[in-house]
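Enquirer: Shown below is the structure under consideration.
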Amino acid sequence: MTLAIVLAAGAPAASLPTTTPAPGLPAATTGGSLADRLAAQLRRAGAAEVRFAADLDELAALADAATGPVLVTGADLVAHTAVLRHLATSPVGPTVALVLTDPPDAGWVAVREERGQVVDAGPAERLAGEATGIFGGALRVGADDLPVLAAAARAVAAGTAPTVAGPAVDRLFAGLAGLGTLTFAHRVRLLVAHRVTDAAGLAAAAAAVAAVDEDRAELKLSVKERDDFFTTFFVSTWSPYVTKAAARIGLGPTAVTMISVAFAVAAALLFGVGGRPALVAGAVLLYLGFVLDCVDGQLARYTRHFSAWGGWLDTMADRAKEYLVYAGLGYGATQAGFRYGWALAIAAMTLQTVRHMTDTWYGVLHDEAARRPRPAAGATGGIGGKLNAASTRVQADTGSVSYWLKRTVVFPIGERWALIAVTVALFGPLVSLVAVLTWGVLAFAYTGALRTLRARWMWVPVLDTVDATLHRDDGPLARRLPVLRPMGPLTLAVVAALGSAALLVAALLAANGGDPGWLRWVLPVALLVLLVGGLGAGAAHNGPLDWLVPAALRAAEYLFAIAVGVVGGVPAWLVFGYVFVLTLHHYDLTARLEKRQAAPPLHPATLGWEGRSALLALAAIVGIAGIGMATLGTYLLVVFVGSVVLAWVVLPARAARATAGLVGAGGRSPG
């Protein structure tokens, strides 16, 4: 945060004298105005510069000159300094507004939020019955949204924008929302924040602030408000103590993530070794590794050390750890005498990745749906609308049996790691893999069926809002194929997946009966069926279920690669390794989508799902499937590592040098 602006216009409480210093501030601040105390808190919250704006035109001029995110507050807010620091450092999005539960007063703007997004803002009477809170008089505006902030300020000042009566900061926020700015909501939990209008309200709010231990509340806030059953009751009950200790000794979130990876790797090795002592020790390490996996996020929230790199690394490390554990279980089951240990590990990894792809895109779909107008009153939308309403009711009933059942049945990561730890310690790797696959299939069927019905009701063409070619992972060949529009991209992707599944089934049956090598002459036909998925690359992805296209294409590519491995007699561990590298590539795409990052720098070099599949098929036809898979997998891993280094080391350093050069030459650094 580089600039904070206190907008005192229209706030009756701005000039009220304070009789109690803000927590953590020196007593010398007592006696100043509320606006002065708020300015001091903003500096403590991380603002390098605090400016007072007399009116909206002056604020617009300051926004025009700003080069980074700007924190704007009214002068009627009484809050812990941590509330302002959390708002300033919130990782949920570039533009974030403080939302309170105080009753509307003095023209304060009411808001309606869904899935953490402010989807409507305006007078309380207009949002009657739908308001979920009030605007808290403070917001952080991302650098890219500063031109919109300046435009909204000038429009409101000139009276050319629909607005509300009340403090200038409320009129500004209503104007900003009216321009369609994507704004996320920041709720106050455990800490205190109130807007005040008179001396009595100021005294009551100051007393409420003083009654709360700020640091203790921040530590509790480091734990997610809503988490899964196992995490909530078996991890978060004691992990904050680890978080506090890590902060005291100076460990950062990235360091904790790396330690959790080490624990998971050690657990995987012990699962591969086998024997009851090793399996029990591995289960304990797996649990402790999961605790640390929670601690890294808690530590980031407690210390407010957020970064795009840290978020990306956490996402990638979670998946890598889980799949390395699957590898350990697969190897351990094979060493224990089960012929298909590696096959089960490959199946678990493939299933989980396809599930994650659907989870990611359904989340994007739901976020996009929340920003769109609701169906007309009385329109239930059939079974999809009823399911949506029922899900909303269950989610709101926090702590109920139905709430915990809904969160558990979907088989989240905490439950997966708990199931692995318990089953491997008691029964062994084989039972653990079978348990993971069984619950995973049931969870996939449950979520898939319900989400399909709800998505048909929402009807949001979410893939049309992003670079569909990137997230389909199309290569040069798919982009050059003709477009078969009548069938739709999802139907074509499903045909490709079913063709790969049929090839895999045939290969497995042939392998059980002898040598499946003769199927290599069927591979050209299977490849043509797979390429059917590319016929939808250039079509509009605006169907109600087209958000499933990326997952269907992932399934098609993975199943085809596994089938090629079986037909070509490739060792199962090598097939696992190749699919593992593919998952890294695809998780990189989804992690960048979730963190709003650009495409990987070397993405064109990954050849696309159809190019990689064609190379594997060619290698199998000429009788070098193993060599081809190992070579292609190594190449993709090198490209992945190269993209990571470029994206997170080389390009940021180059941008920093360029910015420093501009500033040194007397130019203005880019926003």
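Enquirer: Can you compute 3J(HN,Hα) from phi for each residue in segment 301-312, using the Karplus curve 6.51 cos²θ - 1.76 cosθ + 1.60 with θ = phi - 60°, rounded to whole Hz and x for Gly and Pro?
Expert: 6, 5, 8, 6, 9, 10, 7, 4, 4, x, x, 4
Enquirer: Could you tell me how many degrees, from 0 to 90 and to the nearest 10, lie between the Cα long axis of helix 608-621 and the main elongation axis, the longest principal axis, of the Cα atoms of the chain?
Expert: So the inclination is approximately 10 degrees.
Enquirer: Taking Cα pairs under 8 Å and at least six residues apart, what relative contact order does segment 208-283 come out at, in percent?
Expert: 18 percent
Enquirer: Just grab the label-to-label distance for Val622 and Ala655, each label 7 Å out from Cα along the Cβ direction, in nm (one decimal).
Expert: 4.1 nm
Enquirer: On the full set of protein chains, 1.4 Å probe, figure out the accessible area of Arg393 and give it in Å² to the nearest 10.
Expert: 150 Å²
Enquirer: Additional query: Using a Debye calculation, one point per C-alpha and no hydration shell, please list log10 I(q)/I(0) for the chain at q = 0.06, 0.10 Å⁻¹ in order.
Expert: -0.39, -1.04
Enquirer: At 1.4 Å probe radius, can you tell me the per residue accessible area of the chain in Å²?
Expert: On a per-residue basis, the chain sits at 41 Å².
Enquirer: A further question follows. What is the sum of charges around Tyr446, taking Lys and Arg as +1, Asp and Glu as -1, for the other residues whose C-beta is under 12 Å from the C-beta of Tyr446?
Expert: +3
Enquirer: To the nearest 10 square angstrom, how much accessible area does Thr257 have with a 1.4 angstrom probe?
Expert: 10 Å²
Enquirer: Send over the Kirkwood Rh of segment 442-587, from the inverse of the averaged 1/r over different Cα pairs, rounded to one decimal Å.
Expert: Its Kirkwood hydrodynamic radius stands at 16.3 Å.
Enquirer: While we're here: Once every DSSP H run of n ≥ 4 in the chain is given -39500 (n - 2.57) and the sum is divided by its residues, what mean residue ellipticity at 222 nm do you get, rounded to the nearest 500 deg cm²/dmol?
Expert: -19500 deg cm²/dmol
Enquirer: Next question, about the same structure. Of all DSSP beta bridges in the chain, what percent run antiparallel (nearest 5)?
Expert: Bridges in the chain that DSSP calls antiparallel: roughly 60 percent.
Enquirer: Compute the long axis of helix 572-594 from its Cα atoms, compare it with the longest principal axis of the Cα atoms of the chain, and write down the angle in degrees, 0 to 90, nearest 10.
Expert: 20 degrees
Enquirer: Could you please state how large a percent of the accessible area of the chain is carbon and sulfur, counting protein chains only and using a 1.4 Å probe?
Expert: About 66 percent, which is the carbon plus sulfur part of the accessible surface.
The values are calculated or read from the model by the stated rules, or taken from the named source; none is laboratory data. Quick caveat, the model's predicted, so the values are computed rather than measured. All Cβ positions, glycine included, derive from the backbone under ideal geometry; neighbour counts span all protein chains shown. When the accessible area is computed, the model is the full protein with side chains, heavy atoms only, and any ligands, DNA or RNA have been set aside. Shrake-Rupley method; radii C 1.70, N 1.55, O 1.52, S 1.80 Å.
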